[in-house]
Amino acid sequence: MRPIATTRMAAGIPTGRLAIWWVVASEIVIFGGLLVSYIMHRLAKPEWGDHAANTNVWIGGFNTFVLLTSSLSAVLAHKAAVNGDGPKAAKLLYATCFGACTFVVVKALEWNMEISHGFTISSNTFWSFYYTAAGLHGLHVIAGAIIMLIIAETAKKNLELHRVELIGIYWHFVDIVWIFLFPLLYIAK
């Protein structure tokens, strides 16, 4: 039985890295379509500014800080993995997961507050876009955290350290999406 290919011969790119970039490219299409649709609707509907004024910029800003900080720990985890220090990479991935969990808990509390004030997904088109975009992003945060925990468990044993880079690429994509969502949903009134 032949082993699974670890490198694409034509490009010389490790298979895992090639795969994660394909995943990111497909996610760009999904989020790109959602964001372009949001922007087109936003430009056509000036009343959306009034609805957006009901979002909490401070909570969105805090969650931005949390995600950017978690990105730093993902970078440091990659550095530790490159240096062959799996246990340190695992600890830093756990820190990144803590950031992901913090983001999700804060988002849940925020949604609870918004819904209790009558801003639901069926209130109007702005809130439909808001919950769809933020919810889709939140699902990506949760998926990233789960995968990161699995990778941290193997990294802790100094195994499969190349995967730390792969989850880092995915995590940075999740952060970049939020960097687009935050100003569109919270700041642009």
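Among the residues making up segment 69-111, those that are within 14 Å of the chain's Cα centre (by Cα) and either of a type in the set (Val, Ile, Thr) or outside any helix (DSSP H, G or I) (or both) are Thr69, Thr96, Thr102, Val104. Of all the criteria given as (1) buried (at least 19 other Cβ atoms within 10 Å of the Cβ); (2) closer than 15 Å to Trp171 by Cβ, the one not satisfied by Leu149 is (1). Tell me, please, whether a residue that is in contact with a Pro (Cβ under 8 Å, 6 or more places away or on another chain) and more than 21 Å from Leu34 (Cα to Cα) can be found in segment 72-90. So far as segment 72-90 goes, no, none of its residues is in contact with a Pro (Cβ under 8 Å, 6 or more places away or on another chain) and more than 21 Å from Leu34 (Cα to Cα). With respect to being over 14 Å from the mean Cα position of the chain (by Cα), surrounded by 21 or more Cβ atoms within 10 Å (Cβ to Cβ) and part of a helix (DSSP H, G or I), Val164 fits the description. When we screen Lys45, Lys107 for residues that are in contact with a Gly (Cβ under 6 Å, 6 or more places away or on another chain), under 21 Å from Ser123 (Cβ atoms) and of a type in the set (Lys, Arg), the only hit is Lys107. Inspection of segment 17-30 identifies at least one residue that is surrounded by fewer than 15 Cβ atoms within 10 Å (Cβ to Cβ), in contact with a strand residue (DSSP E or B) (Cβ under 7 Å, 6 or more places away or on another chain) and part of a helix (DSSP H, G or I). Hey, among the residues in segment 39-62 that are among the small types (Gly, Ala, Ser) and in a helix (DSSP H, G or I), which one's farthest from His137 (Cα to Cα)? Ranking the candidates gives Ala44 first. Restricting attention to segment 40-78 and to residues that are surrounded by 13 or more Cβ atoms within 10 Å (Cβ to Cβ) and small (Gly, Ala, Ser), the residue that is farthest from Ile169 (Cα to Cα) turns out to be Ala52.
Taken together, the values in this text are just the output of simple stated rules run on the coordinates, not laboratory data. In this text the structure is predicted, and so the values were computed from the model without any measurement. When we count neighbours, we look across all protein chains shown, and the Cβ atoms used for this are built from the backbone with ideal geometry, even at glycine.
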